[in-house]
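> Pasting in a structure now, in structure tokens, and then I'll have a few things to ask.
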Amino acid sequence: MIRPVARKDLPGLLRLLRWMDQSPERGVLAPEARDLEGLAEELEDGLVLLKEDEVAGYVGLYSFWDGAALEGPLAYREEDLPPLLEAAEERAQGVERLYAFPREENRVLRRVLEEAGFGLLHVTYFFVKRPEGLDYPAPEGVRVEEGFPGAGVYRELYRESEESWALRLRWTDEELEEHFQDPAVHLLVAYLGERPVGLAEVELEGGEASVAYIGVVPEARGKGIGRTLLSEAARLAQRKGADLLRVRAHDHEKGALDLYRNLGFSLEEAVATYAKELKARR
């Protein structure tokens, strides 16, 4: 039986999540809390699969980007994954696109998603390193300034440097300005002469700094500008008291992947992004 999660299901759900944590081959986007009170606060629209009144599987659904994202599906047994996925799709009435985020190593769930019509968009690799030891001089004629240059300049720079995602281009001027007014968000812009040619967005939380996005326009690549932006991001992290710098790159961004590895970053995890269009079937 699959039904909405209830408070009495939380101990069983907690056991399921801890079972997932034991191996990266089981990993998928899931609730972060690992205590009953935290789970009760975190869960939004979730379903549990019950067998003999015990939680045998879970799938959650919440708004995300231009559609909805799944937490899971997660189950002890492979044959229980498709029913959970079907139940989540039925619950996603009116949603045009559904996303799922298994770990790269989770071959079982990835196969189930693909058999259900989900397509792989990309694999994102997350790397970490202490921010020390990333001091590199800027190339001649290049300078980096911190601050939001205005919606028009940002949008054009993002459009030129981004190769896969265009979600930020849908944001209004007001949404962009509000985002970069957040004291935890810092934007670094690289200029070649007077022309903006690259940007890096750094988000701070606790003792960590995450480079949420870094990009350089095609005609300015190969000059060391990406390394300069990363160096400035590391300096910013140190000034703000962060002792860990996290970066990410999609599988098609070979230059960024090589850069992070060559600069001593360690691979933390790799997450596959899947999507399925649901509008056509309604």
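The values are calculated or read from the model by the stated rules, or taken from the named source; none is laboratory data. What you see is a predicted model, and the numbers here were worked out from it, not measured in a lab. When we count neighbours, we look across all protein chains shown, and the Cβ atoms used for this are built from the backbone with ideal geometry, even at glycine. Only protein heavy atoms, including side chains, enter the accessible area calculation; ligands, DNA and RNA are left aside. Shrake-Rupley method; radii C 1.70, N 1.55, O 1.52, S 1.80 Å.
> Could you rank PHE101, PHE148, PHE127 by how accessible they are, 1.4 Å probe, largest area first? The partial results should precede the final answer.
Details: PHE101 30, PHE148 60, PHE127 5 Å².
Largest accessible area first, the residues go PHE148, PHE101, PHE127.
> Turning to a different aspect of this structure: Grab the beta carbon distance between LYS8 and PHE148, set R0 = 30 Å, and tell me the FRET efficiency rounded to 0.05. Before the final figure, lay out the partial values.
On the way: r = 48 Å, r/R0 = 1.60.
Efficiency computed from Cβ-Cβ geometry: 0.05.
> Can I ask one more? Enter the Cα centre distance for the pair segment 202-227 and segment 1-52, rounded to the nearest angstrom.
35
> Separate question: With a 10 Å radius around each residue's Cβ, average the other Cβ atoms per peptide and rank 176-189, 77-90, highest first. Numbers along the way, then the final one.
Values: 176-189: 15.0, 77-90: 17.0.
Packing proxy ranking, top to bottom: 77-90, 176-189.
> Further question: Diagonalise the Cα gyration tensor of segment 4-45 and give the resulting equivalent ellipsoid semi-axes, square root of 5 times each eigenvalue, largest first, whole Å. Don't skip to the end; give the middle numbers.
Numbers: eigenvalues 66, 21, 17 Å².
After scaling each eigenvalue by five and taking roots: 18, 10, 9 Å.
> Only Cα pairs within less than 10 Å get springs; with that Gaussian network setup on the chain, which residue of GLU219, GLU145, GLU71 has the largest fluctuation?
GLU219
> While we're here: Quick one: accessible area per residue over the chain, 1.4 Å probe, rounded to a whole number of Å²? Show your work: numbers first, answer last.
Details: 14050 Å² over 282 residues.
It amounts to 50 Å² per residue over the chain.
> Can you list the HN-Hα couplings for segment 41-52, worked out from phi with the Karplus curve (6.51, -1.76, 1.60; θ = phi - 60°), rounded to whole Hz and with x for Gly and Pro?
Karplus-based 3J(HN,Hα) across segment 41-52 equals 7, 7, 5, 10, 10, x, 10, 10, 9, 10, 10, 6 Hz.
> Working out 0.36 nm times the residue gap between VAL128 and GLU25, then minus their Cα-Cα distance, what length gain in nm do you get to one decimal?
Numbers: separation 103, 0.36 × 103 = 37.08 nm, distance 2.06 nm.
Separation in residues times 0.36 nm, less the Cα-Cα distance, equals 35.0 nm.
> Using 0.36 nm times the number of residues separating ASP35 and LEU169, minus their current alpha carbon distance, what extension gain do you get?
Details: separation 134, 0.36 × 134 = 48.24 nm, distance 3.83 nm.
Answer, rounded to one decimal: 44.4 nm.
> With all distinct Cα pairs included, what does the Kirkwood hydrodynamic radius of the chain come out to in Å, to one decimal, could you say?
On the way: mean 1/r = 0.0484 Å⁻¹.
Its Kirkwood hydrodynamic radius stands at 20.6 Å.
> Also, quick follow-up: Label ARG111 and ARG18 with points 7 Å out from Cα along Cα→Cβ: what is the distance between them in nm?
2.9
> I would also like to ask the following. Convert each backbone phi in segment 243-248 into a coupling constant with the Karplus relation 6.51 cos²θ - 1.76 cosθ + 1.60 (shift: θ = phi - 60°), then list the ³J(HN,Hα) values in order as whole Hz, x for Gly and Pro.
With the stated coefficients, segment 243-248 comes to 10, 9, 10, 10, 10, 9 Hz.
> For GLU156 and GLU194, compute 0.36 nm times the residue count separating them, minus their Cα-Cα distance, and round to one decimal in nm. Please report the intermediate quantities before stating the final value.
Values: separation 38, 0.36 × 38 = 13.68 nm, distance 1.48 nm.
So the chain would gain 12.2 nm between GLU156 and GLU194.
> Excluding residues fewer than 8 places away in the same chain, name every one of the lysines whose C-alpha is closer than 24 Å to that of LYS254.
Leaving aside lysines fewer than 8 places away in the same chain, those within reach of LYS254 are LYS129, LYS223.
> Extending each Cα 7 Å along its Cβ direction at GLU52 and ASP135, get the distance between those two points in nm, one decimal.
6.3
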